[in-house]
Amino acid sequence: MGKQVSILFVCGAGLGSSFAAQMAAEDVLNVHGVDAKLDHVDISTAASSQSDIIITAQNFKSQFEKFSIDEEKTAIVYLKNIVSKPEIEEKLLPILETKGAL
Amino acid sequence: MKDRTVKILRIFITSDYPVSLSKLEEEFHTSARTIRNELREINQFLSEKKLPEIKNLRKMGYQLVLAPSEKTALLEQLDLVNDEHYLDRESRIFDLILSFSLGKKATFLYQKEEEYQISKSSLDEDMRRVRNILTDYGIEVLSVPKQGIVLQGAERSIRTMIYDIINNSVGVISSQGEQEVSLNRTILNHYISPQLLKKLDQLYVKSLASMEDAIYRNQLLVFTAVWLSRYLREDLIASSVWEAADTPQSDIRDFVTAICEAFQISPPEVEIKYIVFMLNTFNSRDMNNSIEWVQAQLLSIQLMQFVEAKTKIPFSRKEEMLQEGLYKHLVGLINRVKSDIQIVNPLKENIKNNYGNIYSAIHQFTPSIEQVTGKQITEDEVAFLTIHFSTSVSAINQDLHYIYKAVVICNHGVATGKLLSENLKELFNIEVLAVLSSRELDLIEKLDVDLIFSTVAIQYSQKPVLELEPIIKEESKKRITRFLSENQKLKRLVNNQDSTQLFYALIDTIGKSGGEVSGSIYKELETLFDQNHLTINKKEIQPMLEDVLKDSNILLNEKVATWEESIRRVSEPLVAEEVIEPSYVTAMIDSVKEYGPYIVIGKHIALAHARPEDGVNQLGISVATINSPIEFGNEENDPVKIIFCLAAIDSYSHLNIMKSLIALINDEEKVDRLSRETDIERFKEILYS
C-alpha cells in the first residue's frame with residue numbers, strides 16, 4: 001500500500017453531491033487498495049483546503065479557478081458525472097500514482 | 001555512625017555471649033586495630049546514652065551486657081540511624097505499599113522522593129511496580145489531591161494484600177525473643193511497631209494459649225496487627241451481609257474482645273465477625289499451611305474479576321458475600337485436589353446448561369488454580385465453583401432494575417391508551433414508548449420496543465403481543481405477569497453503573513473532534529456507547545431512506561414547467577411539515593443559479609439540497625416524479641425525471657439515505673420504472689427493492 005492521501009469532495013452545500021461522490025470514490029479506492037482520508041465540504045470551505053486532492057463537479061471549475069489553490073500541492077479533479085465510478089477511476093488513478101498513493 | 005559501626009553494635013546487642021576479636025576481624029575483613037577503633041567509638045556512643053559499655057573479658061572476647069528494656073531502646077535508636085541509609089528498590093516498594101496502606105499521615109510522592117533521595121524517574125518506576133503488584137489483588141493506586149496516594153479496592157483485599165506483602169518481604173515475624181534485624185523488618189517497625197506486636201502477643205497468651213504452633217501464632221498476630229492498624233486508620237470493611245454470620249464464643253472471639261478492651265475500641269459487628277472469621281482460618285485444623293490461605297484469597301479475588309470481565313455480570317456488587325464463599329470453597333478445593341480426592345457433582349450437566357457463560361469463564365480460569373494445586377481441576381469442581389457465582393446472580397438480579405420496553409395499540413382514543421400505559425408503568429416494569437392505533441402497526445419496527453400490548457385484535461407476528469382490556473383488572477394482572485415471564489429474555493438492564501469513565505471518554509472525543517462532527521466521530525461514539533452497554537437506535541441516528549421518506553412526501557407524475565418550479569414542488573411537503581423553512585427552498589434554487597446544475601447527480605435524477613443553516617429543522621427527504629422531464633442544463637444527465645429534496649442536519653446523519661440514492665443512480669432501469677409509476681405503494685416497492 002502506498003502512502004496515505006487526503007481527498008476532499010466539494011459541492012455547493014457540501015452535503016449531497018459531494019457526499020455521493022465520496023461514496024462512489026470510496027469503492028474505487030477500496031478496489032485499488034488506496035489508503036485515503038476522505039471528507040466532503042462546501043465550496044467556500046474548500047478554498048482554504050490543504051488536502052492532496054480535491055474532487056468536484058465540472059460546473060465548479062470556474063469557481064475553483066478564482067481560488068488561489070496551489071496545484072502543485074493540491075490536485076483538482078473535475079467530474080462530469082460525480083457518481084460515475086469509471087470516470088473517477090479514469091481521472092483519479094493517474095493523480096494517485098504521481099502522489100505515490102498506489 | 002558508620003554502617004560497619006552499627007553492624008558491630010548490633011552483634012553485641014543481640015549476642016548473649018562474649019564475641020572474640022578474631023571473629024569480628026573475619027566477619028568484617030579488617031584488622032584488629034580497626035575493630036578496636038570501632039569499639040572505642042561504640043563505647044563513646046554508649047556512654048553518651050548513659051548505657052553500659054562493651055567490656056573486654058580476658059581470653060573470652062568482648063561482651064555488652066544490657067537490660068531487656070535497654071536493648072529495645074537501643075535497637076530502636078539504631079533503626080532510626082539505619083533509616084538514613086539508602087534503600088534499594090525492593091525495600092522502597094515495600095515501604096511505599098506500607099506507607100499507602102498503614103501510614104498514619106497522607107503519603108505524597110514528592111516527600112517520598114526526598115526521603116529516599118532518589119530521582120523522580122526512579123520513583124516513577126517504583127510506583128509502576130507498586131501498581132503492578134497491587135493489580136493482582138484487585139487494588140488500584142490513585143493520587144488524590146490533598147489526600148496523597150490512596151488505595152482503592154475492597155477493604156478485605158487490601159488487608160489480605162498487606163499481610164501477604166509483609167510475609168513476602170519480611171518472612172516469619174517473631175514477637176517473642178530476639179530476631180535478626182533486617183532492613184525490611186526495620187521498615188515494618190515504622191508502620192507496625194514491635195510494641196504493638198508485643199502487646200497483642202500478651203493478649204494472645206492470656207486468651208489463646210491453647211494454640212501451640214508458633215508459626216501460626218506469629219502470623220495470626222501480624223494479621224491482627226494489620227486489622228487493628230487499618231481499623232484505627234478508619235479503613236473499614238463495607239458493611240454488608242457477612243456470610244460467616246455465626247461467630248460462636250470461642251477462644252478467638254475472646255482474644256478479639258480482649259484486644260478491643262485493651263485498645264479501648266468498639267468496632268462495628270461486621271469488623272468483629274470479619275476478624276474472628278479470618279483468625280479462625282489460621283487454625284491449622286482446616287489447612288495445611290498458611291501459604292494456601294493467602295493463595296486462596298488471591299485466587300478468589302482474581303477468579304471473581306475474571307468471571308466478571310468475561311460474563312459482564314457485575315459480581316463485584318455482591319463481592320463480600322461471593323468472595324467469602326469462594327474463598328472457603330477454594331481452600332477446600334486446593335486441599336482436595338492436592339490430595340487427589342475427587343468429588344462428583346451430580347448437578348454438573350444441569351449447571352453447564354443453565355449457567356454456560358459462567359461455567360466457561362471459570363473453565364478458562366482453571367490454569368491459574370492448577371498452578372497452585374499442581375494437578376488438574378475436574379469439570380465437577382468447575383461446576384461447584386459455578387454454583388457460587390450463580391447464587392450471586394440471583395442476588396444481583398434482585399438489586400438490578402430491569403424494564404421491558406413496549407408499545408400500546410389502542411383504537412379507543414388517546415386517553416384510554418394513555419391510561420393503560422400508565423397502569424403498565426405503575427404495576428409492572430414496563431416503559432411504554434408510544435400509543436399507536438392499529439393502522440400504525442408499521443411504525444412498531446421503527447421503535448426500540450420489545451413487547452406489544454393491544455386493546456384490539458391485531459395481526460402482528462414480529463414481536464410478542466398481548467391482548468388486554470383497556471382497564472387492568474386482577475385477572476389481566478396475572479396474564480401480564482405470565483406474558484412477561486414468558487418473554488423474560490427480552491427484559492433490559494437499566495444501566496445505573498458509575499459512568500465516570502464514559503464521561504471522560506466523551507470529553508476526550510469532544511476534544512478530538514474540535515467541534516467538527518465527522519464520520520469517524522460518529523463511529524467512535526457508537527463504539528463508546530456499545531462498550532458501555534448503552535443501546536442506541538442506529539435507525540434513529542443514521543436512518544434508512546425508508547425510515548425517513550413518508551408517504552406524504554412522495555409526489556407522483558407532477559406537472560412542472562421549469563427546473564425552479566420542480567424544486568419548489570418537491571419541497572412543498574417538507575415546508576408544510578416544517579421540516580424545512582421557505583428560506584431553504586430559495587437557497588436550493590440560488591445554489592443552482594450560482595454553481596450550475598451539479599445537483600443533477602445521475603441520469604434523470606436531481607438531488608436538490610442546500611446547507612443545514614439555510615433553514616433545516618430536522619432530517620427529511622421528499623421525492624417527485626416529473627410528468628414531462630425537465631432540462632436543468634446538465635449535458636450528462638438531463639432531462640430530469642425524478643427529483644429528490646434532501647434536508648440534512650449535519651454531514652453524516654444522512655449516510656444511509658445517500659447510500660440508497662447512489663444505488664438508485666447506478667440502476668437506470670429502476671429509475672425508468674419509478675419515473676413511470678403512478679401508485680405510491682408500488683413506487684415504494686420498486687424504490688426499496
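Here are the numbers for this structure:
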{"read-out": "Filter result for A:Ser48 (free of Cβ contacts under 8 Å to residues at least 12 places away in the same chain, more than 12 Å from every other protein chain (Cβ to nearest Cβ) and either surrounded by fewer than 16 Cβ atoms within 10 Å (Cβ to Cβ) or among the polar types (S, T, N, Q) (or both))", "value": "yes"}
{"read-out": "Cβ-Cβ under 7 Å pairs, at least 6 apart or on other chains, segment B:75-97 side closer than 15 Å to B:Gln117 by Cβ, far side at pLDDT below 85 and hydrophobic (A, V, I, L, M, F, W, C)", "value": "B:Asn82/B:Val6; B:Ser91/B:Leu183; B:Asp95/B:Leu87"}
{"read-out": "Residue satisfying all of: in segment B:590-604; touching a helix residue (DSSP H, G or I) at 6+ places or on another chain (Cβ under 8 Å) and part of a loop (DSSP other than H, G, I, E, B); farthest from the other protein chains (Cβ to nearest Cβ) among these", "value": "B:His604"}
{"read-out": "Given (1) more than 11 Å from chain A (Cβ to nearest Cβ); (2) modelled with pLDDT of 90 or more, number of the condition B:Asp638 does not satisfy", "value": "(2)"}
{"read-out": "Test: B:Ser499 is at pLDDT 90 or above and away from chain A (no Cβ under 14 Å)", "value": "no"}
{"read-out": "Flag for B:Glu516 being at pLDDT below 75 and surrounded by 12 or more Cβ atoms within 10 Å (Cβ to Cβ)", "value": "no"}
{"read-out": "Listing of helices (runs of 4 or more DSSP H) fully contained in segment B:303-418 that carry 1 or more residues being aliphatic (A, V, I, L, M) and modelled with pLDDT under 75", "value": "B:319-338, B:379-399"}
{"read-out": "Subset of segment A:78-100 that is of a type in the set (A, V, I, L, M, F, W, C) and buried (at least 19 other Cβ atoms within 10 Å of the Cβ) - its residue that is farthest from A:His40 (Cα to Cα)", "value": "A:Leu96"}
{"read-out": "Residues of segment A:90-102 classified as closer than 26 Å to B:Val600 by Cα and either basic (Lys, Arg) or within 14 Å of chain B (Cβ to nearest Cβ) (or both), total", "value": "1"}
{"read-out": "Residue satisfying all of: in segment B:114-131; in a loop (DSSP other than H, G, I, E, B) and not aliphatic (A, V, I, L, M); nearest to the chain's Cα centre (by Cα) among these", "value": "B:Ser119"}
{"read-out": "Qualifying positions in segment B:633-661 - without any contact (Cβ under 8 Å) to a residue 24 or more places away in the chain and crowded, with 21+ Cβ neighbours inside 10 Å", "value": "B:Met658"}
{"read-out": "Yes/no for B:Ser300 being within 28 Å of the chain's Cα centre (by Cα), modelled with pLDDT of 80 or more and among the hydroxyl-bearing types (Ser, Thr, Tyr)", "value": "yes"}
{"read-out": "Residue count, segment A:11-25 (criterion: facing chain B (nearest Cβ under 10 Å), under 14 Å from the mean Cα position of the chain (by Cα) and under 20 Å from A:Thr74 (Cα atoms))", "value": "6"}
{"read-out": "Filter pass, B:Glu681 being out of contact with any helix residue (DSSP H, G or I) (no Cβ under 7 Å at 6 or more places or on another chain), more than 12 Å from chain A (Cβ to nearest Cβ) and without any contact (Cβ under 8 Å) to a residue 24 or more places away in the chain", "value": "yes"}
{"read-out": "Odd one out for B:Glu426, checked against (1) crowded, with 20+ Cβ neighbours inside 10 Å; (2) at pLDDT below 80", "value": "(1)"}
{"read-out": "For B:Lys198: the one exception among (1) closer than 28 Å to B:Gln302 by Cα; (2) modelled with pLDDT of 85 or more", "value": "(1)"}
{"read-out": "Pair list, Cβ < 6 Å and 6+ apart or interchain, from segment B:541-568 residues that are touching a residue at least 12 places away in the same chain (Cβ under 8 Å) to residues that are of a type in the set (Phe, Trp, Tyr) and buried (at least 16 other Cβ atoms within 10 Å of the Cβ)", "value": "B:Trp563/B:Phe632"}
{"read-out": "Sole exception among (1) within 14 Å of another protein chain (Cβ to nearest Cβ); (2) surrounded by 14 or more Cβ atoms within 10 Å (Cβ to Cβ); (3) modelled with pLDDT under 90 for B:Glu546, by number", "value": "(1)"}
{"read-out": "Filter pass, B:Gln152 being in contact with an Asp or Glu (Cβ under 6 Å, 6 or more places away or on another chain) and at pLDDT 80 or above", "value": "yes"}
{"read-out": "Residue in segment B:84-99 that is farther than 17 Å from B:Thr186 by Cα and out of contact with any strand residue (DSSP E or B) (no Cβ under 7 Å at 6 or more places or on another chain) present", "value": "no"}
{"read-out": "Residue within segment B:612-625 that is of a type outside the set (S, T, N, Q), at the interface with chain A (Cβ under 9 Å from one of its Cβ atoms) and outside any loop (DSSP other than H, G, I, E, B) present", "value": "yes"}
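The values are calculated or read from the model by the stated rules, or taken from the named source; none is laboratory data. Computed from a prediction, not measured in an experiment: that's the story for all the values here. Quick reminder, even Gly has a Cβ in these numbers, built from the backbone with ideal geometry, and neighbours come from all protein chains shown.
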